[in-house]
Structure formats: structure tokens, C-alpha cells
Amino acid sequence: MNGETPATQVAPMTGLGHAPVMEAIRKGAFCLAARQRKDGSWDGEYGGPMFLLPLYVICAGITDQAIPDSLGREMVKYFRSVQNPDGSIGLHTEAPGSVFCSTLSYVSLRFLGVDRDDADLSRMREWIHDHGTPLGSASWGKAILAVAGLHGYEGVQPVPPELWLLPRFLPFHPGRFWCHVRAVYLPLSYLYATRATCAVTPLIEELRKELYDSPYGEIDFSVHLGRVAPEDSYVPTSPLLRVVNRMLRRYSCRPVPVLRRRALDWVVEQITFEDRSTGMINIGPVNAVLNTLVHHFREPGGEAFREHFAALEAYLYRGEEGVLMNGENSTAVWDTAFAVQALMATPFAGEQVPVLQRAHNFLTESQILEDLPDAERFFRHPPRGGWPFSTREQGWAVTDCTAEAIRSCVLLESLVEEPLDDDLLVEGVRWILSVQNRDGGWASYEKQRGPAWLEGLNPSQVFDRIMVDYSYNECTSACLQALAVARRKLGNRLRDELDSSLRSGAGFLLRQQLPDGSWEGSWGVCFTIGVFYGIRGLVAAGHGAEAEEVKRAAAFLLRHQNADGGWGESYESNLQRRYVKAASSLAVNTAWALMALVSAGQARTEAAARAANFLAESQEPDGDWPREPMTGIFNRTTLIHYDNYRRYFPLCALAEYAAAIRA
């Protein structure tokens with residue numbers, strides 16, 4: 001345990017001492033409060049995946065939409081800032097090279113006016129050639145290149161829209177897939193079926209020569225349909241998918257005209273519904289760009305295309321390294337809920353009443369209160385009562401976002417004139433209850449609709465666990481914590497339903513706990529966040545600090561504490577599915593670990609004191625914490641940057657620790 005004092009030893013706050021830790025809390029609270037936006041929210045950078053910005057730039061190039069020079073320069077600056085020393089671009093900004101993302105980034109830079117002889121571009125092109133050219137790109141890359149006229153459709157994985165006409169009761173109907181997968185492959189099926197391709201311009205001709213090591217017209221793309229470079233092959237194509245692809249490819253060569261027309265009409269109707277129900281924002285940037293392309297090829301320059309392309313600007317973000325594309329249109333609800341919890345944990349909340357009141361107004365106004373007409377017909381779980389990740393207009397309710405918003409609104413009741421009405425709280429609670437899975441856990445947006453074997457049809461090659469919306473430890477814990485709060489608040493109202501839900505949710509967490517006491521995280525890096533949520537969820541469900549499962553989880557953390565008192569976990573943990581230590585301790589990992597120890601009743605230990613001292617010592621003079629390696633992740637492979645994590649999690653950890661040792 002790297003020489004730490006055993007966790008059972010009671011110790012006072014040591015090292016820096018009480019006063020410096022309290023000063024760190026004070027500075028952190030005022031720094032966080034100062035970052036609040038005028039509408040009462042907190043919002044921030046949510047970038048990292050390196051297939052997002054290329055989608056926007058290539059979409060603009062395909063549809064002949066000019067990107068202003070000043071904006072384009074900032075985008076070029078961003079691409080250069082994340083390029084690896086070997087010339088490549090990774091799946092995310094901290095990853096080694098990916099043929100998929102290097103190729104799309106190369107095309108983007110050329111669309112942005114960078115000359116082929118530019119030094120950075122030359123290194124990128126050389127890397128792409130050395131790793132097999134775009135013929136080895138992951139499937140999404142080949143599909144986007146085909147739309148750009150830079151890859152033959154005969155070498156693209158088949159996505160016939162007729163799949164949407166299958167009987168809904170079939171376990172492999174696309175409506176049973178995870179909502180993000182549905183949303184992406186819906187417009188891809190339209191583009192694939194219509195062989196949508198942009199005009200061959202002089203730049204496209206040049207790119208065809210630059211990207212490949214043989215004449216473009218002589219390439220038999222069909223031969224390379226199943227080819228994928230090792231760098232892009234995290235999830236190898238399964239035997240099941242190979243069989244299915246052969247069948248779909250055969251059909252796609254000779255589709256039934258009447259079925260093709262019906263299928264395309266149904267796809268367009270679904271895309272239109274998604275646009276309308278999200279105010280053109282869509283569930284995420286990938287389907288937002290693909291839907292935009294569908295509108296373009298259906299009616300070039302039409303109103304639907306113009307509105308949709310303009311809406312894409314919501315995803316652009318001006319960061320420290322230039323302009324990037326965020327993974328959502330905003331982080332507002334998510335960040336605001338955690339900022340509130342952090343500020344309320346401090347002894348300085350009374351000095352931030354106006355800030356907290358504005359936050360309360362934002363959160364209450366962000367609850368989704370409208371029914372979604374025809375939700376079931378369009379494969380949507382009714383969102384009424386829930387909260388989204390970003391903004392109310394986006395309209396997709398999320399389990400843990402709803403849970404954190406509920407907790408925050410209840411926390412703020414004593415500070416506001418109009419607390420969240422109990423009936424609206426019940427609406428939120430009922431929504432959470434409505435999406436609890438049979439296994440007792442919660443997924444992200446809706447119940448798990450398909451069997452786990454559907455993962456054998458995963459066509460992405462670079463993402464894992466994408467085909468259905470599984471129950472997650474983090475989402476389950478968040479929902480348990482919110483339901484426990486609601487149970488205390490609502491008295492006998494919904495008591496039986498809440499008790500039953502809490503029991504089954506805790507049962508899920510117990511089954512997910514690993515023999516070493518940890519939980520594997522799915523939305524963060526990795527076992528640190530898993531244990532944080534695992535302990536919090538069990539405690540919320542009534543498992544005390546003396547419970548064996550809680551003690552084993554705390555012991556896991558203590559085994560991985562660093563000599564400086566912190567924790568630092570590498571994203572390789574997510575890839576390798578075992579704890580992999582980072583090069584140094586990190587504030588966010590340390591904050592998760594410290595809050596877990598506090599929840600496990602181990603605040604008054606030397607280990608907790610050293611963790612608090614690490615957080616206080618690593619704080620910057622203005623109350624912020626330094627920018628660190630990314631700690632958010634999705635689908636096991638792709639890091640994403642929650643910029644505000646470094647502000648509210650360390651603050652909350654220090655505040656909870658200080659309160660616990662004073663108790």
C-alpha cells in the first residue's frame with residue numbers, strides 16, 4: 001500500500017493541516033462560482049474524440065458551405081495541436097495513431113486550405129500510407145470517405161434501410177439497438193442505399209491521388225470490405241457479423257424497388273422526427289452531421305439542410321488549443337448539478353446564495369415536462385419528467401443526469417423561494433423508475449431493449465459495448481442516490497416502489513462488484529470512478545460502512561494510493577480492464593477516491609488526510625486545479641474531456657472530508 005498508514009488507524013488531519021485545507025475549499029468554491037454563466041448554468045469543453053471535428057469540416061466541404069477564414073484557422077490550429085509526433089491523429093487526443101481519424105483529419109485539413117506540401121500534412125500522409133492507406137480504416141471512416149467521393153461504396157459495410165421494415169418483435173430489429181447506434185446508422189442507411197456522393201472536384205481528384213498508393217480508378221474496393229488496420233481494430237469483426245454482412249451485401253446488390261422506396265421514406269420520417277423533437281440539435285454530433293448530409297442529398301441547398309447545418313454550430317467550441325467539436329451541444333445540466341453539489345458541500349454556501357438560486361432556476365427549467373407525441377412509434381422512451389445531459393431543447397432524458405438534477409434541486413430547497421414542486425419531483429422519480437432494467441440496474445437513456453448477443457453485430461471496429469443500452473454501475477449508483485433522497489423527501493408517497501427499486505438496484509451493484517472489491521467504470525477512468533459510484537450507491541441503499549462489500553471496496557482503493565497521497569489511473573485501465581497506474585497522481589481520480597473513502601466511513605484515517613493534502617497542494621493560486629489527462633470515456637476506447645470535473649470534484653471531496661472529520 002505504498003507505505004500508507006492502515007485505514008483503520010484514526011488520525012487527525014495531518015500534513016498541511018486544517019487551515020490550509022479550509023483555505024483550499026474557500027478558494028475552490030469562489031473559483032467555481034465565478035465560472036457560472038448568466039443563465040445559471042455551468043458549461044464547458046467536452047471534446048477529445050478526433051472523428052467529430054472532421055465530420056463537420058467534411059460535411060461543409062461536401063455541401064459547399066464556406067467556413068469563415070478565422071474559424072478555419074482555429075480549426076487548423078486544433079488539428080496541429082493534437083497531432084502525434086509520428087504524424088498521426090488518434091481516436092482521441094491522447095491516443096496513438098488511428099487510420100480512421102488520421103485519414104479524416106487529413107481530408108479536413110485539405111478542405112480547410114492547407115497545402116499538401118505542408119510539413120504536418122506530409123507527415124500525416126506518410127503515416128497513413130505506412131499503415132495501409134484508407135483501405136484499412138474502420139467502418140465509419142470508409143462510409144464518410146465514400147460520401148466524400150474518396151472511397152468506393154462497394155468497400156463499405158452494407159447498411160440497407162430495409163432493416164427498419166423488419167417486424168418489431170425480432171430481437172435484432174434496429175429499434176432495439178442503443179439509441180446512439182440507432183441514430184447513427186439511420187442516416188447512414190439512407191446515404192448507403194442512395195450511394196450519396198459529392199461532386200468530383202479538382203480537390204477530390206487531388207485527394208484521391210494523395211491518400212492511396214495506387215491509382216484510385218484501379219482499386220477494387222470490394223476486396224477490402226473486411227480489411228481493417230490493426231490500429232483501428234479494437235473489436236474484431238465477429239463470425240456472426242461476417243455472415244450477416246455477406247447476406248446484406250447480396251441483397252444490396254439487387255434490392256426490391258418497392259421495399260427500398262418504403263424503407264427510405266420511413267428513414268426520412270424518423271430523421272425528421274429526431275430533428276423536430278430536438279430542435280435540430282439531435283442526440284449527438286455524429287447523427288447531427290449525418291442527418292445534415294441526408295437533407296443535402298435529398299434537396300441540395302433546401303431549407304431543411306440550411307437549418308440543420310446552421311444548428312451544427314452548437315457543437316463547435318473554442319478551446320485553449322483552437323476550435324474543436326464537442327460531444328454534445330452543451331454540458332449544462334450535468335455540470336450544473338455537480339457544481340451545486342460541490343458548493344452546497346462547503347461551509348461557504350451561504351455566501352453563494354444568488355449563485356445557487358440561479359442554478360436552481362436553470363435546473364428546474366431544464367426538466368422535460370412535455371410528452372413526446374408518437375414516442376413509441378419512433379422508438380423513443382417517453383422523456384417526460386426526466387432531465388437531459390445538456391439542455392431542455394435537446395430533449396433526450398438521461399438516467400444519471402435526471403438523478404443528479406433531482407439531488408441538486410432537493411439540496412437547494414432551503415435557499416430558494418420556489419423549490420421544485422413535489423409533483424414535479426415525483427415526475428422525475430417515476431421517470432427513473434420507468435427505465436430500471438430487469439437486472440436491477442439502470443442504463444443511460446432507456447431500458448435495455450435487445451439481448452447482449454447483439455454485440456456480435458457490432459460493426460464499428462473501434463468501439464465496444466455499443467449495440468444495446470446496458471446497465472451501468474455509474475448510472476445505477478446515481479439513480480439509487482436520487483431515489484434515496486426522494487424517499488426521505490416524499491414520506492409515504494411511492495414508498496413501496498422506491499423500497500423495491502432500491503433493493504434491486506443494490507443487488508445489481510453487489511453482483512457487479514469484482515472479487516478484488518472494485519467496480520469497473522464505463523463512463524470514466526476507470527476503477528477509481530467505479531469504486532466511487534459503487535460505494536455511494538450501496539450506502540444510499542442502506543449498506544453501512546461496516547458492510548463487508550464496502551470495506552473490500554475501500555481496501556481496493558488503499559492498495560492503489562500513491563506515495564504522494566493521490567491516485568492516478570491511466571485510460572489503459574478501460575482498454576485492458578485492469579487497474580493501470582498513470583504516470584502521476586491526478587486531482588479527479590484522487591477526488592473520486594477520497595469521496596469514496598469518506599462515504600465508507602474512513603474520513604478520519606491517514607490515507608484520507610494524505611489525499612486531502614494532495615488535493616490542497618495541487619490547487620492553483622486562483623482556486624482552480626490544473627488541466628489533466630482526460631478522465632471521461634465512452635464505449636471503453638474513446639476518452640472525452642469533462643473540463644469542469646477538475647473544479648467541482650476536488651472541491652466536493654475536500655468539503656466532504658472536512659465536514660466528516662469535524663462531525
message = Let me spell it out: the conditions are (1) over 24 Å from LEU121 (Cα atoms); (2) hydrophobic (A, V, I, L, M, F, W, C); (3) part of a helix (DSSP H, G or I), and ILE204 meets all of them except one. Which number is the exception?
response = (1)
note = Checked GLY524, GLY507, GLY537 against criteria (crowded, with 23+ Cβ neighbours inside 10 Å, in contact (Cβ under 8 Å) with a residue 60 or more places away in the chain and more than 20 Å from LEU615 (Cβ to Cβ)); the one match is GLY537
task = Grab the helices (runs of 4 or more DSSP H) fully contained in the range 238-347, keeping just those with 3 or more residues being in contact with a Phe, Trp or Tyr (Cβ under 6 Å, 6 or more places away or on another chain) and under 30 Å from THR364 (Cα atoms).
result = 332-345
ask   = From GLY61, GLY47, which residue is under 30 Å from GLN357 (Cα atoms) and small (Gly, Ala, Ser)?
value = GLY47
query = How do the strands (runs of 3 or more DSSP E) wholly within the range 579-663 filter down when requiring 2 or more residues that are touching a residue at least 24 places away in the same chain (Cβ under 8 Å) and either of a type in the set (Asp, Glu) or more than 26 Å from SER408 (Cα to Cα) (or both): which remain?
reply = 581-586, 638-640
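Take LEU594 and decide whether it is surrounded by 24 or more Cβ atoms within 10 Å (Cβ to Cβ), in the same structural domain as ALA659 (by TED's automatic domain parsing) and either of a type outside the set (Phe, Trp, Tyr) or farther than 30 Å from LEU483 by Cα (or both). Give the steps one after another, and end with the answer.
On the way: surrounded by 24 or more Cβ atoms within 10 Å (Cβ to Cβ): yes; in the same structural domain as ALA659 (by TED's automatic domain parsing): yes; either of a type outside the set (Phe, Trp, Tyr) or farther than 30 Å from LEU483 by Cα (or both): yes.
When the stated conditions are applied, LEU594 passes them.
Whether any residue in the range 616-636 is modelled with pLDDT under 95, surrounded by fewer than 22 Cβ atoms within 10 Å (Cβ to Cβ) and among the small types (Gly, Ala, Ser) is what I want to check. Talk me through it step by step, then tell me what you get.
The initial filter retains those residues of the range 616-636 that are modelled with pLDDT under 95, namely none.
No, there is no match, as no residue in the range 616-636 is modelled with pLDDT under 95, surrounded by fewer than 22 Cβ atoms within 10 Å (Cβ to Cβ) and among the small types (Gly, Ala, Ser).
What is the residue count in the range 403-442 for residues that are of a type outside the set (Val, Ile, Thr), touching a strand residue (DSSP E or B) at 6+ places or on another chain (Cβ under 8 Å) and without any contact (Cβ under 8 Å) to a residue 60 or more places away in the chain?
Number of matching residues: 1.
A quick yes/no check of all residues on (1) of a type in the set (S, T, N, Q); (2) in a helix (DSSP H, G or I):
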{"residue": "CYS401", "(1), (2)": "no, yes"}
{"residue": "ALA405", "(1), (2)": "no, yes"}
{"residue": "SER408", "(1), (2)": "yes, yes"}
{"residue": "LEU420", "(1), (2)": "no, no"}
{"residue": "LEU424", "(1), (2)": "no, yes"}
{"residue": "GLY428", "(1), (2)": "no, yes"}
{"residue": "LEU433", "(1), (2)": "no, yes"}
remark   = Filtering the range 151-192 down to residues that are more than 29 Å from the chain's Cα centre (by Cα) and either outside the structural domain of HIS224 (by TED's automatic domain parsing) or hydrophobic (A, V, I, L, M, F, W, C) (or both) yields LEU165, LEU166, PHE169
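Among the residues of the range 357-373, which ones are assigned to a loop (DSSP other than H, G, I, E, B), under 15 Å from ALA397 (Cβ atoms) and not charged (D, E, K, R)? Talk me through it step by step, then tell me what you get.
Here is the first cut: in the range 357-373, the residues assigned to a loop (DSSP other than H, G, I, E, B) are 367-373.
Now narrow it down to the ones that are under 15 Å from ALA397 (Cβ atoms): 367-372.
Correct list: GLN367, ILE368, LEU369, LEU372.
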task = State whether one or more residues within the range 277-288 are under 15 Å from CYS59 (Cα atoms), under 17 Å from the mean Cα position of the chain (by Cα) and of a type in the set (A, V, I, L, M, F, W, C).
result = yes
query = Which of the residues spanning the range 252-276 are surrounded by 14 or more Cβ atoms within 10 Å (Cβ to Cβ) and over 32 Å from the mean Cα position of the chain (by Cα)?
reply = SER252, PRO255, LEU259, ARG260, ARG262
remark   = Within the range 221-231, residues being within 16 Å of PRO158 (Cα to Cα), of a type outside the set (A, V, I, L, M) and at pLDDT 95 or above number 4
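With the condition kept exactly as written, say whether any residue in the range 287-309 is small (Gly, Ala, Ser), without any contact (Cβ under 8 Å) to a residue 60 or more places away in the chain and crowded, with 16+ Cβ neighbours inside 10 Å.
Looking for residues that are small (Gly, Ala, Ser), without any contact (Cβ under 8 Å) to a residue 60 or more places away in the chain and crowded, with 16+ Cβ neighbours inside 10 Å, one finds at least one in the range 287-309, hence yes.
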query = Within the range 493-502, can one find any residue that is in contact with a Ser or Thr (Cβ under 7 Å, 6 or more places away or on another chain), touching a residue at least 60 places away in the same chain (Cβ under 8 Å) and not in a helix (DSSP H, G or I)?
reply = no
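Of the residues that make up the range 280-290, is at least one at pLDDT 95 or above, closer than 30 Å to SER222 by Cα and of a type outside the set (A, V, I, L, M)?
Step one: filter the range 280-290 for residues at pLDDT 95 or above, giving 280-290.
Those left that are additionally closer than 30 Å to SER222 by Cα: 285-290.
Filter once more, keeping what is of a type outside the set (A, V, I, L, M): 285, 287.
Yes: one or more hits.
The values are calculated or read from the model by the stated rules, or taken from the named source; none is laboratory data. Remember, predicted model here, so these are calculated numbers, not experimental data. Backbone-built Cβ (ideal geometry, glycine too); neighbour counts: all protein chains shown.
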